[in-house]
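A.B. asks: Dropping the structure in here first, questions after.
The values are calculated or read from the model by the stated rules, or taken from the named source; none is laboratory data. Just so it is clear, the model here is predicted, and its values are computed rather than measured. Virtual Cβ from ideal backbone geometry, glycine too; neighbours counted across all protein chains shown. To get the accessible areas, we keep the full protein, side chains included, count just its heavy atoms, and leave off ligands, DNA and RNA. Shrake-Rupley method; radii C 1.70, N 1.55, O 1.52, S 1.80 Å.
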Protein chains: 2
Amino acid sequence: MSYRAPVEEIGFFLRHCTSLPQAMAEGRSDLSFDLVDSILEEAGRFAAERIAPLDRVGDTVGNRLAEGAVTTAPGWRAAYAAWTGAGWNGVAAGEAFGGQALPCVVTSALTEFWNAASPAFALGPVLTMGAIEALTRHGAPPLQEAFLPHLVSGRWTGTMNLTEPQAGSDLAALRTRAERQADGSYRIFGTKIFISYGEHDLAENIVHLVLARLPDAPAGTRGISLFAVPKILLAGDGTLGARNDVKAIGLEHKLGLHGSPTCTMTFGEAGEGAVGYLVGEENRGLACMFTMMNNARLAVGIQGVAVAERATQRALAFARERRQGRAAGAAPGEMSPIIAHPDVRRMLLTMRAETAAARALCLRTADALDRAERHADPILRAAAHAEASLLTPIAKAFATDAGIKVASLGIQVHGGMGYIEETGAAQHLRDARIFAIYEGTNGIQAIDLVLRKVPLAGGTVAEGLIADCRAAAADVLALNAVEFGQTGARLSEAVDALGRATRAMLDWAAEAPEKALAGATPYLALFARAAGGAALVRTALAAHGALNAGADDPRLMGRVTLARFFAENLAVEAAGLEAAVHGGGAVLEADPALAL
Amino acid sequence: MSYRAPVEEIGFFLRHCTSLPQAMAEGRSDLSFDLVDSILEEAGRFAAERIAPLDRVGDTVGNRLAEGAVTTAPGWRAAYAAWTGAGWNGVAAGEAFGGQALPCVVTSALTEFWNAASPAFALGPVLTMGAIEALTRHGAPPLQEAFLPHLVSGRWTGTMNLTEPQAGSDLAALRTRAERQADGSYRIFGTKIFISYGEHDLAENIVHLVLARLPDAPAGTRGISLFAVPKILLAGDGTLGARNDVKAIGLEHKLGLHGSPTCTMTFGEAGEGAVGYLVGEENRGLACMFTMMNNARLAVGIQGVAVAERATQRALAFARERRQGRAAGAAPGEMSPIIAHPDVRRMLLTMRAETAAARALCLRTADALDRAERHADPILRAAAHAEASLLTPIAKAFATDAGIKVASLGIQVHGGMGYIEETGAAQHLRDARIFAIYEGTNGIQAIDLVLRKVPLAGGTVAEGLIADCRAAAADVLALNAVEFGQTGARLSEAVDALGRATRAMLDWAAEAPEKALAGATPYLALFARAAGGAALVRTALAAHGALNAGADDPRLMGRVTLARFFAENLAVEAAGLEAAVHGGGAVLEADPALAL
């Protein structure tokens, strides 16, 4: 099944549901939609033609580790070289080091395309972009000058080295240590696990961003520093010199993402330590890492969207070809394509609606990041920053859960064929399953949302977003168009449920944090149901307006149908989710020895 | 992680929530609970000690096909020999051919244990038991005498040969043909795919039950006949003779269940046809196959329960060991076991509650089958038969969806470790994913429910089951015990929603079947939410009564907590599901070219 990037769909969203047109009009962006469209077209073509064909060999052949060196799957080196050669690695980076500084809404669309073509392939650049972001914001100028041009071009790649066996979600527990050297550099000693692209043969060098503790550091997360540790050290003239003491000693055997090498890394195994350079200030490493992680969280959400899109395209193509049974209205004796059967249509519409809602929330988050970065008004920049902070955990968790759900439905649409690996549907589920775990499990996202993000500014950030959702519901109610069915009523109910649950969360976050924790996951899901539904309604209203203005693209009515389907079938989960937010009693009161 | 069969839990359910005590009291069963307990204990021990250790080698090594012969994974032959040697294969079969004729509620518990230990191993016997059932009910006496003693002992195994490349869910399309022979036997020609245990080295012989068409058969499903086709023919003296012309020509490469050989089978490839014997009447094969499939559907539901139970045990053990972060109340500087974190507890309680509800619905279905078979009163037998017919698609679809959901949550509880294959959590998801597809996809189950089962007897069968659920809700409301929290109110709301949706379904099934089809899947899920919640409430009320009577087993209060958690957090999905039952408008009205 060939992949087709949803260029038109995203172009429509960028035009009607983001601040990009305003930024263009106000001269804050020198982009035009002609240019944006051609970037999306070109990237979509590259993803489909050059990357997608490599996904399966990555899955079946995977990576080999021998004598500390990882060999990627056949064809991957050439594809990576072509991809960086075309300049795709530097689209998000600043212009000072060779990047194109495209807005996040555009680079997010590109991130989706690469990940839809092959999430295992695209994961490497996601990490490199995170490293670029961390060095750009927190690196000292000499470090930036030495590393950033190579990372931006993609000649080098970057990694995030957080996890240790005893320190997964809880970074306070990490033990990797750093020692100060007389020349201002540091020596790093320790072992890190689950390091994506920790070692590979795609690039000349790898910059590991490593969390470690100085000998005199305070305990806990306030004693963690961030270091840049290159695989190969730079000689005095800036060329690649000696090998640093950092090594891959193992590759994980994973459920999916087989094409991505997940390494166990040792630092300083030979005795004198791996040479590292401080990023940011000593003991402030977690803040620097969070710069990287927040962007990575959005990128992981987009991975969920990407695999959902791919799984949906695959299932749709199958459902149009495969004939079984006779649907209502089919001629006697004729088998119908299974897309004609209502239950199959429900699955496919669910896949499309979840994918579109997840994409809309991710792009909405990206748009908030763009406004936080580029808006002329500092007050609006700050407001946009708060908005992005609140939306990030929702986008990450909702979109990755959607990725898993949609990939699983994709298998179901295929029937028995879906269980056969050669069909390709099963790989999407295997690949997507990690997205809900890495870059902070979705449970961690929910906790971040209820304890830190919803209480921001006394709850006003959350309330502002809820007011936006309510306005979308009011607009569709006011339109009173029969094509929208019960969309307005169902979305209003979801938004009301979210409003009530948010007030409960604000009370609990202050006074009974355990209750907030017990209801965190259904609360996040409830937020996504309302905000996702509202985002689809905004898109649908724009499409409806275009239809009324005489446009005749059939995809416009498709957007209305999708928003309606979401509101009537998925946003309606809000009632149960609101109840579950309050259903923590059994969670908290049960004696674990009894109930579990 | 070692498996521990839930012997006490099932024993409690059999005593308090099935008709088994009544059957014992009325002398319809010569079992005692002492005997039942010892059967469960013994089977649980066998499953844990002899089968569970083989599950992983089945997954990693799988099966090899060479020259038409399949070699199973190391250790599997010896385990199967020990298992049949201990008599476990014949527990359900009639006594006439060496079986033990245990009630279905007891054999269902055993089926769960084998499948929890290794679903790939236990799938073979599920199919053999289906073949025994079909031959017992529909086979001519000479065929029964020739085949049944071997199938009951497990020296031979059985298969179901339905699927062909163009005929998956739609059996009307099948093309395998059968030709009458002068001696009363038949010759079979054709190819079947996805045949579980179509070829293997565990048993002396394999009896394939094959659907095929006679040359003069009517088109469609009324022209299908069922044949028994042995791998090895019997010589005149009843001993194994010549090889029949049936052969495995391929093994599928699947997402999971690697230990189970899934074969492509050819019949009559050499030219003269594979020798087969008619089962039942010509052109009535589908009815015979449905005998086999209905039992197999319940067994597949139990596979879902089994993998859910195993995944839950594994996640619980991990959550008790793994320490990350500090939970409320923990000493400063101390890491807490992750089971102490509310969000992890919510996941674990969800796993336990879904598993218990799915088990309860499967055992309730098994109990209806027992009453249908053995009750003294023919009117009650007929009522029980109708009840089992209605419950079977719900038990199959709900329990298999639960298996997938619980296995996926199990990965999530493990965090990054869950994605590593060696941990074992990922295999459960890979294995469970097929349960929602084979023996009739869950979509087919939902269609069966709304078009055939709910309308049974004018809807009175469904209404009777709903009345049972309402009574459970009323009883817990009347008890008014604080430990139950909002259980009664939440369950009542779910039952009311089911009642309304059922009335809509009855109208639609008669007058607007497309609407019934469009709402079928959420309707089935709604039924399971109400009936599953009610079944857990019944168990909890029995436990509460025992506590009030002075019992002090802590597991009793655990049952109350679990019912409460289900009602307050999962049964509350009923509102959204009811809305989705009515949300088919977008499904039916959308022009596929636009919306999809």
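A.B. asks: Put simply, what bits of the range A:326-346 lose 10 Å² or more of accessible area when the other protein chains are there, versus the chain on its own (1.4 Å probe)?
C.D. replies: Buried by 10 Å² or more upon assembly, which counts only protein chains, are A:Ala328, A:Met335, A:Ile339, A:Pro342, A:Asp343, A:Arg345, A:Arg346.
A.B. asks: Can you name the chain B residue with its Cβ nearest the rotation axis from B to A, and give the distance in Å as a whole number?
C.D. replies: B:Ala575, 2
A.B. asks: Given a cut-off of under 8 Å on Cα pairs at least six residues apart, what relative contact order in percent is computed for chain B?
C.D. replies: Values: 1109 pairs, mean separation 70.8, N = 596.
RCO, chain B: 12 percent.
A.B. asks: Still on this structure: For the range B:128-189, what log10 I(q)/I(0) values come out of the Debye formula at q = 0.12, 0.23, 0.29 1/Å, with one point per alpha carbon and no solvent?
C.D. replies: Each listed q maps to, in turn, -0.41, -1.05, -1.08.
A.B. asks: Shifting gears a bit: When each pair of different Cα atoms in the range B:438-536 is counted once in the 1/r mean, what is the Kirkwood radius in angstroms, to one decimal? Could the numbers behind the result be given before it?
C.D. replies: Numbers: mean 1/r = 0.0714 Å⁻¹.
Computed over the range B:438-536, the radius equals 14.0 Å.
A.B. asks: Once R0 is set to 60 Å, what does the formula 1/(1 + (r/R0)^6) return for the Cβ-Cβ distance between A:Arg137 and B:Ala546, expressed as a FRET efficiency to the nearest 0.05?
C.D. replies: Calculated transfer efficiency: 0.45.
A.B. asks: Placing one identical point scatterer on every Cα of the range B:222-319 and ignoring solvent, what is log10 I(q)/I(0) from the Debye formula at q = 0.21 Å⁻¹?
C.D. replies: Those come out to -1.21, one per q.
A.B. asks: On to the next question. Against the longest principal axis of chain A, how steep is helix A:554-569, in degrees 0 to 90 to the nearest 10, with axes from Cα atoms?
C.D. replies: 90 degrees
A.B. asks: When every alpha-carbon pair in the protein assembly as shown is counted, what percent end up more than 48 Å apart?
C.D. replies: Cα-Cα pairs in the protein assembly as shown separated by more than 48 Å: 30 percent.
A.B. asks: Report, as a whole number in µm² per second, the diffusion coefficient that Stokes-Einstein gives for chain A at 10 °C and 1.306 mPa s using the Kirkwood radius over alpha carbon pairs. Walk me through the intermediate numbers first.
C.D. replies: Numbers: Rh = 24.9 Å.
Rounded to a whole number, D works out at 64 µm²/s.
A.B. asks: Taking K and R as +1 and D and E as -1, what net charge do the other residues with C-beta under 9 Å from the C-beta of B:Glu199 add up to?
C.D. replies: Its environment carries a net charge of +1.
A.B. asks: Determine ³J(HN,Hα), in whole Hz, for all residues of the range A:206-216 in sequence, where each value follows from phi through the Karplus function 6.51 cos²θ - 1.76 cosθ + 1.60 and θ = phi - 60°; x replaces Gly and Pro.
C.D. replies: In residue order, the calculated couplings are 10, 9, 8, 9, 10, 8, 8, 10, 7, x, 9 Hz.
A.B. asks: Then there is this: Could you pull out which residues in the range A:258-293 have an amide N less than 20 Å from a spot 7 Å beyond the Cα of A:Leu240, following the Cα-Cβ vector?
C.D. replies: A:261-263, A:265-268, A:274-277
A.B. asks: Taking the Cβ of A:Asn115 as the centre, find all other residues whose Cβ is under 13 Å away and add up their charges (Lys, Arg: +1; Asp, Glu: -1).
C.D. replies: That sum, taken over residues with Cβ under 13 Å, equals -2.
A.B. asks: I've got another one for you. Run the dipole for chain A about the Cα centre, Lys and Arg Cβ at +1, Asp and Glu Cβ at -1, nothing else charged, and hand back the magnitude in debye, nearest 20. Numbers along the way, then the final one.
C.D. replies: On the way: 53 positive and 63 negative charges, 156 e Å.
The dipole magnitude comes to about 740 debye.
A.B. asks: What does the average come to when, for each residue of peptide B:185-194, you count the partner chain Cβ atoms lying within 10 Å of its Cβ?
C.D. replies: 1
A.B. asks: Suppose we compare each residue of the range A:254-297 in its chain alone and in the full protein complex with a 1.4 Å probe; which ones drop by at least 10 Å² of accessible area?
C.D. replies: A:Lys254, A:Leu255
A.B. asks: Under 18 Å from a point 7 Å along the Cα-to-Cβ line of A:Ser32: which residues of the range A:92-131 have their amide N that close?
C.D. replies: Under 18 Å, as judged by backbone N against the label point of A:Ser32, lie A:103 of the range A:92-131.
A.B. asks: I would also like to ask the following. Compute the distance in nm between two label points, each set 7 Å from the Cα along the Cα-to-Cβ direction, one at A:Ala287 and one at A:Glu321.
C.D. replies: 5.5 nm
A.B. asks: Tell me which residues come under 5 Å, amide H to amide H, from B:Gly241 once H is placed; ignore anything under 5 positions away on its chain.
C.D. replies: Amide H to amide H, under 5 Å and 5 or more residues apart or across chains, B:Gly241 pairs with B:Leu233, B:Leu234, B:Ala235.
A.B. asks: While we're on this one: Which value, in Å², gives the accessible area per residue of the range A:441-584 when a 1.4 Å probe is used on the protein heavy atoms?
C.D. replies: Details: 4960 Å² over 144 residues.
Per-residue value: 34 Å².
A.B. asks: Next up: Shielding of A:349-355 by partners, i.e. mean partner chain Cβ atoms within 10 Å per residue?
C.D. replies: Going residue by residue through A:349-355 and averaging, the value is 2.
A.B. asks: Another question, then. Which angle between 0 and 90 degrees, to the nearest 10, do you get for helix B:7-17 versus the longest principal axis of chain B when only C-alpha atoms count?
C.D. replies: Computed tilt is about 80 degrees.
A.B. asks: What is the calculated FRET efficiency for A:Arg381 to A:Ala331, with r their C-beta to C-beta distance and R₀ = 56 Å, to the nearest 0.05?
C.D. replies: 0.35
A.B. asks: At a probe size of 1.4 Å, how large is the accessible area of B:Met335, to the nearest 10 Å²?
C.D. replies: 50 Å²
A.B. asks: Using a loss threshold of 50 Å², tell me which positions in the range B:418-459 are less accessible in the complex than in their chain alone. Probe radius 1.4 Å, ligands and nucleic acids ignored.
C.D. replies: B:Tyr419, B:Ile420, B:Glu421, B:Arg433, B:Ile437
A.B. asks: Shifting gears a bit: What nm distances, shortest first, do you get from the label point of A:Glu282 to those in the other copies when the point sits 7 angstrom along Cα to Cβ?
C.D. replies: From this label point to the equivalent ones elsewhere in the assembly: 9.4 nm.
A.B. asks: Another question, then. Can you pull a Stokes-Einstein diffusion coefficient for the range A:148-292 at 25 °C (0.890 mPa s), Rh from Kirkwood over Cα pairs, as a whole number of µm²/s?
C.D. replies: On the way: Rh = 15.4 Å.
Estimated via Stokes-Einstein, D reaches 160 µm²/s.
A.B. asks: Still on this structure, please answer the following. At the nearest 100 Å², what buried accessible area, both sides summed, do you get for A and B when the probe is 1.4 Å?
C.D. replies: By this definition, chains A and B bury close to 7100 Å².
A.B. asks: Something else: Using only the Cα atoms of the range A:377-454, construct the convex hull and provide its projected area averaged over every direction, in square nanometres to one decimal.
C.D. replies: Numbers: hull surface 26.0 nm².
Over all viewing directions, the range A:377-454 projects a mean Cα-hull area of 6.5 nm².
A.B. asks: Residue by residue through the range B:361-376, which ³J(HN,Hα) values in whole Hz follow from phi under the Karplus form 6.51 cos²θ - 1.76 cosθ + 1.60 (θ = phi - 60°), with glycine and proline marked x?
C.D. replies: 3J(HN,Hα) across the range B:361-376, in whole Hz: 5, 5, 5, 5, 5, 4, 5, 5, 5, 4, 5, 4, 8, 10, 5, 5.
A.B. asks: What is the P(r) of the range B:466-585, as percent of Cα-Cα pairs per 10 Å bin from 0?
C.D. replies: 15, 41, 25, 13, 5, 1
A.B. asks: Probe radius 1.4 Å, ligands and nucleic acids ignored: give me the carbon and sulfur share of the accessible area of the protein assembly as shown as a rounded percent.
C.D. replies: Answer for the protein assembly as shown is 53 percent, counting heavy atoms of protein chains only.
A.B. asks: Provide the packing ranking of A:376-386, A:550-560, i.e. peptides ordered by the mean count of other C-beta atoms within 10 Å per residue, highest first. Can you show the working numbers first?
C.D. replies: On the way: A:376-386: 14.2, A:550-560: 16.4.
Top of the packing list down: A:550-560, A:376-386.
A.B. asks: If you don't mind, another one. Express the relative contact order of the range B:442-591 as a whole percentage, based on alpha carbon pairs under 8 Å and six or more residues apart in sequence.
C.D. replies: Once normalised by length, the contact order is 32 percent.
A.B. asks: Let me ask something else. Report the residues of the range A:322-336 in range of a label on B:Glu514: point 7 Å along Cα→C-beta, backbone N strictly under 16 Å from it.
C.D. replies: Backbone N within reach: A:326-332, A:336.
A.B. asks: 222 nm [θ] for chain A, helices only, -39500 (n - 2.57) per DSSP H run of 4+, per residue, to 500?
C.D. replies: Helix-only estimate at 222 nm: -18000 deg cm²/dmol.
A.B. asks: Tell me, what is the Rg over Rh of the range A:41-134, with Rh the Kirkwood radius over Cα pairs?
C.D. replies: Rg/Rh for the range A:41-134 comes to 0.99.
A.B. asks: Summing Lys, Arg as +1 and Asp, Glu as -1, what charge do residues with Cβ under 10 Å from the Cβ of B:Leu211 carry, B:Leu211 excluded?
C.D. replies: Spelling it out: positives minus negatives among the neighbours equals +1.
A.B. asks: Between B:Ala101 and A:Leu588, how many nm apart are label points set 7 Å from Cα along the C-beta direction?
C.D. replies: Each label point lies 7 Å from its Cα, and together they span 5.7 nm.
A.B. asks: In percent, how large is the relative contact order of the range B:89-133, given Cα pairs closer than 8 Å and 6 or more residues apart?
C.D. replies: Values: 36 pairs, mean separation 14.0, N = 45.
With pairs under 8 Å counted, the relative contact order is 31 percent.
A.B. asks: Next question. If packing is taken as the average count of other Cβ atoms within 10 Å, what order do A:118-128, B:270-280 fall into, highest mean first?
C.D. replies: Descending mean neighbour count gives A:118-128, B:270-280.
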